[in-house]
Amino acid sequence: MLDTLKLEISNAIVYLKEQKMRFLNKGNISIVDRSNNLIVSEPGDPNVVPEPANILITDLSGNVIEGSGQPIQNFTTHLEIYRTFPNTGAIVHSHGMYTTAWAQSGRDIPVYGTSHFDYFKDAIPCTRAITASEAEDYGTAAGHCIVEIFEKKSLSPDATPAVLLFQHGAYVWGENAMEAANRCVALEQLAMLAYLTEKINPDIKDLQRNISPASL
Ligand SMILES: [Zn+2]
């Protein structure tokens, strides 16, 4: 089974690269094996080719069980999402250009149209700034900020499986690696659409939610 998950990670990375979602070689992906308490992730060193033989297996403390090198830098952020959002099977972290522009601006991505609503039922929330003392353990603090914004806004992580990490990038999740990767690509497209929508009409309002789902 772990070999299958390693292949899943490699394939998802190839797809994300094809879709230009590995801007400046940033971002990473992981899968959780909840029955064995293991995380499957690409190598922490972005210069190592993420082919199946180089994919890491770690325990929930970040100890490498299989493979060599360090786990991904933001391992604890992934862990916090897995721990708190129980239906999450895989996470993609990305620095897509438009997605990151919204994250850097500190703004949620509003639901301006049915394309957004097809993938995410609410605005994509943007986390608060990480404080100076929290920044000593940036990965864990990022995870806490992500969980905090979902609680604060009473959002469902299943209905809106994405978040913007302020001044950084996005985390997108799904039941498996390809679902998370597909949503990551969709998010980038939606971020661009939302940007263009505001450029064309700065007074635009959110999608009318009283429209029947059938017409969406
Ligand atoms: Zn990042």
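Each value in this text was obtained by applying a stated rule to the coordinates, not by laboratory testing. Owing to the predicted nature of the structure, the values given are computational and were not obtained by experimental measurement. So basically every Cβ, Gly included, is an ideal-geometry build from the backbone, and we count neighbours across all protein chains shown.
GNM remark for the chain: springs join alpha carbons under 10 Å apart, and the peak mean-square fluctuation among Thr84, Thr100, Thr127 falls on Thr84. Of the trypsin sites (Lys or Arg not before Pro) found in the range 85-184, those that fall in a DSSP loop while having at most 14 other beta-carbon atoms within 10 Å are Arg128, Lys153. In this Cβ point-charge picture (+1 for Lys and Arg, -1 for Asp and Glu), the range 2-203 has a dipole of about 440 debye about its Cα centre.
Counting only residues at least eight positions apart within a chain, or on another chain, the lysines with an alpha carbon under 22 Å from that of Lys205 are Lys121, Lys153. Positive-end ranking of Pro71, Ile55, Ala162 along the dipole of the range 2-203, with charges on Cβ about the Cα centre, is headed by Ala162.
Given the -39500 (n - 2.57) contribution per DSSP H run of 4+ residues, what per-residue ellipticity at 222 nm results for the chain, rounded to the nearest 500 deg cm²/dmol? Calculated from helices alone, the mean residue ellipticity at 222 nm is -12000 deg cm²/dmol. Between Gln167 and Thr197, the simple label model (points 7 Å from Cα in the Cβ direction) yields a spacing of 2.8 nm.
The stretch between Ser61 and Met178 holds 39.6 nm of extra length on full extension. This uses 0.36 nm per residue minus the Cα-Cα distance. For the chain, the percent of C-alpha pairs falling in each 10 Å distance bin, counted from 0 to the bin holding the largest distance, reads 8, 35, 36, 16, 4, 0. Each Lys and Arg contributes +1 and each Asp and Glu -1, all at the Cβ; summed about the Cα centre of the range 80-155, the dipole is approximately 220 debye. Of the cross-linked pairs Lys20/Lys152; Lys20/Lys199; Lys6/Lys152, those separated by over 29 Å at the C-alpha level are Lys20/Lys152; Lys6/Lys152. Proximity of backbone amide H atoms, modeled 1.01 Å from N, is registered between Asp45 and Gln70 at under 5 Å, excluding neighbours fewer than 5 places apart on the same chain.
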